[in-house]
Amino acid sequence: MTRGDQIYVMRTLAGLDSLYQHHGIECGDGTVIHYYKPGEAEISRTSYETFAQGKPVYTKHYTTSYVPDVVIERAESRLGERQYSLLTNNCEHFATWCKNWRK
């Protein structure tokens with residue numbers, strides 16, 4: 001994984017393993033920007049370990065995307081945002097927007 005990659009981990013819900021993917025942006029410095037904070041999701045920069053929670057981390061690949069500096073700039077521009085919506089603005093929507101502008 002490299003700076004600006006969209007990464008994801010499989011998460012558990014209600015005791016069911018690998019029920020959904022949690023996405024974020026790899027910052028290249030041991031941190032990840034993603035929706036975080038149970039209860040009131042906020043776009044935050046956390047450690048890679050906090051993001052991974054001991055699970056394998058995968059990279060989502062695109063045929064076209066912004067260069068890494070632009071991806072990080074876009075992710076940082078939304079730090080502190082609390083506009084989470086499961087259907088229209090979730091962690092995958094955020095990370096995809098950072099990579100290639102699409103939600």
Inset, instruction - Name the long-range amide H neighbours of residue 4: under 5 Å, sequence gap of 5 or more, or other chain; modelled H, no Pro or chain starts. - result: 26, 27, 28
Inset, instruction - Taking amide H positions as placed in the peptide plane 1.01 Å from N, state which residues far from residue 31 in sequence (5 or more) or on other chains have amide H under 5 Å from it. - result: 48
Legend entry - Calculated diffusion of the range 1-67, Stokes-Einstein form, Kirkwood radius summed over Cα pairs, 25 °C and 0.890 mPa s, µm²/s: 196 µm²/s
Inset, instruction - Could you work out how far helix 68-77 tilts from the main Cα principal axis of the chain, as a 0 to 90 degree angle to the nearest 10? - result: 60 degrees
Inset, instruction - Pull out the extension gain between residue 10 and residue 53, defined as 0.36 nm times the separation in residues minus the alpha carbon to alpha carbon distance; nm, one decimal. - result: 14.5 nm
Inset, instruction - Determine the relative contact order of the range 33-80: mean sequence separation of Cα pairs under 8 Å and six or more apart, normalised by residue count, in whole percent. - result: 44 percent
Legend entry - Crossing angle, helix 91-100 versus the chain [Cα axis fit, 0-90 degrees, rounded to tens]: 10 degrees
Legend entry - the range 56-66 - phi-based ³J(HN,Hα) in whole Hz, Karplus 6.51/-1.76/1.60, Gly and Pro as x: x, 10, 10, 10, 8, 9, 10, 6, 9, 6, 5
Inset, instruction - Using the Karplus curve 6.51 cos²θ - 1.76 cosθ + 1.60 with θ = phi - 60°, work out ³J(HN,Hα) for each residue of the range 40-48 in order, rounded to whole Hz, and write x for Gly and Pro. - result: 10, 4, 9, 6, 9, 9, 10, 5, 4
Legend entry - residue 36 long-range amide H proximity, modeled H, under 5 Å: 42, 43, 44
Legend entry - Stretchable slack from residue 101 to residue 88, in nm (0.36 nm times residue separation minus alpha-carbon distance): 3.3 nm
Inset, instruction - Rank-order 64-75, 22-33 by packing density, defined as the average count of other C-beta atoms within 10 Å over each peptide's residues, highest first. - result: 22-33, 64-75
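In the neighborhood of residue 9, defined by Cβ-to-Cβ distances under 14 Å, what is the net charge if each Lys or Arg adds +1 and each Asp or Glu adds -1?
Around residue 9, the surrounding residues sum to -2.
Every number in this text was worked out from the coordinates using simple rules, so none of it is lab data. The structure presented is a predicted model; accordingly, all values stated were derived computationally and were not measured. With ideal geometry, Cβ positions are generated from the backbone for all residues, glycine too; neighbour counts draw on all protein chains shown.
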